[in-house]
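These notes concern the structure reproduced below.
The values are calculated or read from the model by the stated rules, or taken from the named source; none is laboratory data. Quantities reported herein were computed from a predicted structural model and do not represent experimental measurements. Quick reminder, even Gly has a Cβ in these numbers, built from the backbone with ideal geometry, and neighbours come from all protein chains shown. We work out accessible area using only protein heavy atoms, side chains counted, and drop any ligands, DNA or RNA first. Shrake-Rupley method; radii C 1.70, N 1.55, O 1.52, S 1.80 Å.
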Amino acid sequence: MSHSAIAPIVPRVSHNATTARATTAPRLKAAVIGAGMLGLDLAERLNASPVLSCELVASRHSSASALRRAAQLGCGVSTEGITAVVQAGVDVVFDASSADAHPAHWAALASADVLLVDLTPSSGGSMLTPTVNAVRAESDRHLSLVSCGGQAVLPVLDAVARNSTRVEDVEVVTTVASASVGPATRDNLDEYLAITTYAVERLTGATRAKVMATISPALPAPAFRAQITARAYGIRTRALGDAVESAAAAVRQYAPGYRVGALSVVDDLVRATVTVTARGRRLPSYAGNVEIINAAAVTLAERYARSREVGHRG
């Protein structure tokens, strides 16, 4: 389907959609680049948002059946990728394509009054996670969600950094079910490791970090998991436990299946295990990797939308 036919199909109106349309402020229009598992879940989340709506899902490489599913969600669809997005006149763009394609997408949108939320492991944009530095979503226009692994571990590592005098070595090992990893993610595995490592170092002050990833074919499919080991000095053990608990509770506000377990401090070594299970909608429970990054992306975009509404009122 070409861009000339991207007018949204009338969706089945849900209770959430009806409530959102009854509010006085119009929802910001959003487009999603990519119609894989990430993109389709994003489209569904956007249409459930009180301040955002999915106007377009655009992809050059997705199957016709994927675009049909996007249309069934009430979104306009196009096979013309970023060209269709530029012409659509939206307020927010979510890039769920690939790290290789993202720089061209940013170049095409850089001069527009658009918030670009990058869900690919690209090195561009301001690296954000909602519980660490969400306020930047109100001013920056190019947001990097780093990676699903980054979204899982950065809340815990931020707590470690704030409750110690120095973080030195960090090791992160993520395990994800093969069925929840699409071809773009597999192609971008090196970029995933590199950008997650960079984010851990930048956002926690760690002098060294190492990130590893396992794509597990095991059945039943395992839940998304990240194991953290950090060497830190001057650890305030009791305060750290409270801070990690508080951070996990904050993440559960947008990703209810987020859990931190096996937190331990032995001498200068901190260990913790993060598990994320997907809750509700159409994602299987093991797709916590999709849940954590998509939920974070929509949360940050909603913060931008609300700040813009307040600015317009002022």
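General remarks:
- Close contacts from the range 228-252, counting a first residue that is in contact (Cβ under 8 Å) with a residue 12 or more places away in the chain and a second that is part of a helix (DSSP H, G or I) and open to solvent by 40 Å² or more (accessible area, probe 1.4 Å), with Cβ to Cβ under 6 Å and a gap of 6+ residues or different chains, come to Ala247/Thr131; Ala250/Thr131; Val251/Thr131.
- Scanning the range 132-150 for residues that are closer than 19 Å to Pro183 by Cα and open to solvent by 20 Å² or more (accessible area, probe 1.4 Å) returns a single hit, Cys148.
- When the range 116-150 is filtered for residues that are over 25 Å from Ala243 (Cα atoms), of a type in the set (Gly, Ala, Ser) and modelled with pLDDT of 95 or more, only Ser139 remains.
- Condition check for Glu302: on the phi < 0 side of the Ramachandran plot, open to solvent by 50 Å² or more (accessible area, probe 1.4 Å) and part of a helix (DSSP H, G or I): no
- Of the residues making up the range 159-167, at least one is closer than 19 Å to Val276 by Cβ and either modelled with pLDDT of 95 or more or open to solvent by 30 Å² or more (accessible area, probe 1.4 Å) (or both).
- Members of the range 78-131 found to be touching a residue at least 40 places away in the same chain (Cβ under 8 Å), buried (at least 19 other Cβ atoms within 10 Å of the Cβ), not in a strand (DSSP E or B) and not aliphatic (A, V, I, L, M), listed by number: Gly81, Asp91, Ser97, Ser98, His105, Thr120, Pro121, Ser122, Thr129, Pro130, Thr131
- Residue count for the range 46-62, restricted to those that are open to solvent by 30 Å² or more (accessible area, probe 1.4 Å) and out of contact with any strand residue (DSSP E or B) (no Cβ under 8 Å at 6 or more places or on another chain): 5.
- In the set Leu67, Leu154, only one residue is within 13 Å of the chain's Cα centre (by Cα), over 23 Å from Val51 (Cα atoms), touching a residue at least 12 places away in the same chain (Cβ under 8 Å) and not in a loop (DSSP other than H, G, I, E, B); that residue is Leu154.
- Enumeration of residues in the range 282-295 that are more than 13 Å from Pro256 (Cβ to Cβ) and either small (Gly, Ala, Ser) or touching a Pro at 6+ places or on another chain (Cβ under 6 Å) (or both): Ala287
- Candidates Asp91, Asp95: the one that is touching a helix residue (DSSP H, G or I) at 6+ places or on another chain (Cβ under 6 Å), acidic (Asp, Glu) and closer than 30 Å to Ala66 by Cα is Asp95.
- All conditions but one from (1) within 15 Å of the chain's Cα centre (by Cα); (2) at pLDDT 95 or above apply to Val270; the one that does not is (1).
- Qualifying residue in the range 221-238 (condition: in contact with a Phe, Trp or Tyr (Cβ under 6 Å, 6 or more places away or on another chain) and among the charged types (D, E, K, R)): no
- The helices (runs of 4 or more DSSP H) falling completely within the range 168-281 that include 3 or more residues that are aliphatic (A, V, I, L, M) and open to solvent by less than 50 Å² (accessible area, probe 1.4 Å) map to 189-204, 237-251.
- Contacts under 6 angstrom Cβ, first residue in the range 180-194 being under 10 Å from Gly36 (Cβ atoms), partner in a loop (DSSP other than H, G, I, E, B), 6 or more apart: Gly182/Gly36; Ala184/Ser98
- Residue count for the range 132-151, restricted to those that are touching a strand residue (DSSP E or B) at 6+ places or on another chain (Cβ under 8 Å) and either closer than 21 Å to Ala223 by Cα or part of a strand (DSSP E or B) (or both): 8.
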